Structures are given as structure tokens and as C-alpha cells.
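The values are calculated or read from the model by the stated rules, or taken from the named source; none is laboratory data. Just so it is clear, the structure is predicted and the values come from calculations on it, not from any experiment. Please note: Cβ atoms are built from the backbone with ideal geometry, for glycine as well, and neighbour counts cover all protein chains shown. For accessibility, only protein heavy atoms count, side chains too; no ligands or nucleic acids. Shrake-Rupley method; radii C 1.70, N 1.55, O 1.52, S 1.80 Å.
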Amino acid sequence: METFLAVARLGSIRGAAARLHVTEAAVSAAVGHVEKQLGAKLIARSGRGIALTEAGRVYAEYCRGILGLMKEAHAAVRQADAGRLRIGVVATAGESVVLRPLASFRRRYPAVELSLSIQPRDVLFAELQHHETDLVIAGRPPHDAKLVIQARRPSTLVVVGTGSPDPRHATWLLRGAGSGTREATFALLDRLQIDPPTLTLGSHGAVIAAAREGLGVTLIHSDAVGEHLESGALHTIDVPGTPLDRAWHAVTTSTPTPATRLFLAHLIDPAETGPDAFHAAIGP
């Protein structure tokens, strides 16, 4: 199962063999064995590489979930304060929301094995659904994702820039595809019925830097630009419909591991996290 998933992710027998430190023949034999067991063709030649068939795409999704559950099961039987915790965050939360609570958690529970992954929102929630991540801090999850919002922290989206730009004509600086803030920006522009020029930048930091240099305005979490607003490097632009209420959410599956529950308890404890504390979720 792990061999087939490596082939599916890399789109190459050779790449999977290198990743798994086995021969290409061993990878081909393993995939062939699975295909024989299932009675279905999972991969097909595509140019110089391979592509998944429809059956292969379906099987790969099941493999992700099964392998994720197996790793989650191993973590679930370990002591909470000596377990493993995989946290996924969007870029803004990674830089301005989670680091201080994570540092105090690390000092409090040094034996917990921590990992932090920064990915676009859609990737994070897909990983959580496949049990490849234990907890995600991002915007609200999709309604049909069958995930659980465990805690929230208030936050707003504001438009910032330099000088006195006219938001109807100024360039709007955007994050890349998959960003929740990018989607919120387009929704705001639609409500305002304006079609200004846009500039997409590859990272959260690049957007802030471009705004500071006067390249345009951007819709961004107030958490991310607090220091820039205080220093005067950026200021809030008055745009109808803003600020937008966009709380941060701490999200898990319906079966969080002991280490995940331990971190959630830490995250909502103001005595431990101070002003960075989340609030336990009540209702959907």
C-alpha cells in the first residue's frame, strides 16, 4: 500500500524506488501484485512516466486514509505527554498565531514529538481528512468535510497599504491559489462591483513586503500586520465592507489523539497562552 501510494504521489516507478530505497523491479512487482489482488488496472503509461487510472485514483484515496489511520492509531495508544503531534497551519497562522502557543507547549511538554507543516488551506484540510495531520489552524473548514472545530480565536481581515490609494483603481496584492484570503479578496471585490488590477505573489511575506513598498493594497489578517501598523509602515485603508470577521479555527477529526487533546487544552488556557489563547468552540 505504501509502495503504490509513493508511485501515485510521484508519478514514477523510478521516483518511488528512489524514495523507498528499493529497486524499480521491486516497485513494479508490488504494484502488479496489488493490481492482481484487486482485479483492476491502477496505473497506465503516460509519456515517460505513469498516470493513475480512475480505479488507481480511487484506491490511492483509500490508501491515504488507511495509512493515516494506522499512524493515528499508533499515536493514540501512547501517553499524551510523550506522543506525537502533527500540526498544519496556513502561512499567516504559522507566522503570527501558533508559534508562541507552540513554544510554551514545547516548554511544558518537552517529550511530545512535534511537527509543523505550512500549506494552503485546501491541502491542510485534505491531509486532516486523510489522518495525515492531527490538527489544523486555519479558517473555517468546508461544510461537507466532516471535521470538528474544537476552538476559535477572533481575528479580522483588513485592507492595508501606504499613502492614500483609491481601492477602486489601486493594484490588489494577492496570495497564491488555495489561499482563503485570496478567495475573500475576490469575494470583496465582487461585492464592491469593482475590477481593479491584481498582482499575485508567491508568499505571505512577499505580499506584506510589496504593500510596504507601495506596490498596492492587500486584504490581510490584522494579526499578520500589527507591528507594521504600529510602526506606521502600513496603515488601514477604509474600504466599504471591511474589516471582515474571519476567526481562526483549531480543527481536528472526530477522533483526536491524546497529544492533540493535550495541545487543545493548552491552546485554550489563558494562564498558559495569555492573549494568544483560543476559546473552546460552542456549537457549529
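Brief remarks follow.
- Enumeration of residues in the stretch 181-193 that are more than 28 Å from Ala277 (Cα to Cα) and either in contact with a Lys or Arg (Cβ under 7 Å, 6 or more places away or on another chain) or not in a helix (DSSP H, G or I) (or both): Gln193
- One residue from Ser28, Ser12 being open to solvent by 40 Å² or more (accessible area, probe 1.4 Å) and in contact (Cβ under 8 Å) with a residue 12 or more places away in the chain: Ser28
- Residue check, Ala151 on the phi < 0 side of the Ramachandran plot, buried (at least 20 other Cβ atoms within 10 Å of the Cβ) and among the small types (Gly, Ala, Ser): yes
- Matching residues in the stretch 102-120 - criterion: being open to solvent by less than 50 Å² (accessible area, probe 1.4 Å) and closer than 24 Å to Ala224 by Cα: Leu102, Ala103, Ser104, Phe105, Leu114, Ser117
- Test: residue in the stretch 162-171 that is open to solvent by 10 Å² or more (accessible area, probe 1.4 Å) and either closer than 22 Å to Pro141 by Cα or in contact with a Cys (Cβ under 8 Å, 6 or more places away or on another chain) (or both): no
- Qualifying position, being free of Cβ contacts under 8 Å to residues at least 40 places away in the same chain and either touching a Ser or Thr at 6+ places or on another chain (Cβ under 9 Å) or under 30 Å from Ala73 (Cβ atoms) (or both), among Val207, Val225, Val251, Val217: Val207
- Close pairs from the stretch 81-109: first touching a residue at least 60 places away in the same chain (Cβ under 8 Å) and in the same structural domain as His131 (by the TED database), partner among the basic types (Lys, Arg) and open to solvent by 10 Å² or more (accessible area, probe 1.4 Å), Cβ under 6 Å, at least 6 apart: Val90/Arg121
- Restricting the stretch 164-204 to residues that are without any contact (Cβ under 8 Å) to a residue 60 or more places away in the chain and of a type in the set (Lys, Arg), the residue that is nearest to Thr92 (Cα to Cα): Arg182
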